[in-house]
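*Asks:* Take this structure first; my questions come after.
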Amino acid sequence: KAIEECGDDLEAALEWMRKQGTLVRGKRANQEASQGLIGISFAENGETAALLEMSTETDSAARIDLFHNLIAGVSQSILKDDSPNSNGEGAALVMDTAALEGLSWEAADGAETASFGTVKEAVSDAVLQIRENILPRRGVRLNVPGGVVAGYVHNVLPIGLDNVKVGAIGVLVGLQGAPEGSKDAAKD
């Protein structure tokens, strides 16, 4: 339909679909998003991790791959954002919905997603496809230079991504002063 509306212009059709997603998102915004999942992404150096709470209207929407890939991408976006931590070095950077939606989009390695400019565009696209209100509720990035950040996710879902865990409940723990060679033990 988008291609027909835009006279076979693929770029215009994509823009038309994004606008439709914004309209659908506006219509769904009043629906309560009380279900959802937690996503945690880990940096390769083990010193930084990001935790995200993503909400949607129903539990069934939270169980589909598109929603899981959205969580993985937003948590990667938090992880790779270069905003300074709020309380100085080693502190956590806490983000609300507006801050999360303003982040540059970073698709998770191995996740099947389109390319977007911002998290807000990715969420709008998911709302258009799932037809439910989706809200990146809050996120945090924890950085412990010279230490280690570990995370636990309860009821981990098998989403097939190595550096992202998605599940029902999650927590991050940062340890400062872990001696070299003991970081893996500290994570356990």
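*Asks:* Does residue 74 satisfy being part of a helix (DSSP H, G or I), surrounded by 13 or more Cβ atoms within 10 Å (Cβ to Cβ) and at pLDDT 75 or above?
*Replies:* When the stated conditions are applied, residue 74 passes them.
*Asks:* While we're on this one: When both residues are 6+ apart or on different chains and their Cβ atoms are under 7 Å apart, which pairs have a first residue that lies in the stretch 158-169 and is under 17 Å from residue 70 (Cβ atoms) and part of a loop (DSSP other than H, G, I, E, B), and a second that is among the aromatic types (Phe, Trp, Tyr) and open to solvent by 40 Å² or more (accessible area, probe 1.4 Å)?
*Replies:* 163/42
*Asks:* Can you name every residue in the stretch 123-162 that is closer than 23 Å to residue 61 by Cα and among the basic types (Lys, Arg)?
*Replies:* The answer is 131, 137, 138.
*Asks:* For the stretch 139-166, give me the residue count where each residue is within 24 Å of residue 102 (Cα to Cα), open to solvent by less than 10 Å² (accessible area, probe 1.4 Å) and modelled with pLDDT under 90.
*Replies:* Total meeting the criteria: 2.
Conditions tested, residue by residue: (1) at pLDDT below 85; (2) small (Gly, Ala, Ser); (3) assigned to a strand (DSSP E or B).
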| residue | (1), (2), (3) |
| --- | --- |
| 13 | yes, yes, no |
| 24 | yes, no, no |
| 40 | no, no, yes |
| 51 | no, no, yes |
| 59 | yes, no, no |
| 66 | no, no, no |
| 107 | yes, yes, no |
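The values are calculated or read from the model by the stated rules, or taken from the named source; none is laboratory data. The structure presented is a predicted model; accordingly, all values stated were derived computationally and were not measured. Here Cβ is always computed from backbone atoms with ideal geometry, including for glycine, and neighbour counts include all displayed protein chains. Remember, those area values only see protein heavy atoms, side chains included, never the ligands or the DNA or RNA. Shrake-Rupley method; radii C 1.70, N 1.55, O 1.52, S 1.80 Å.
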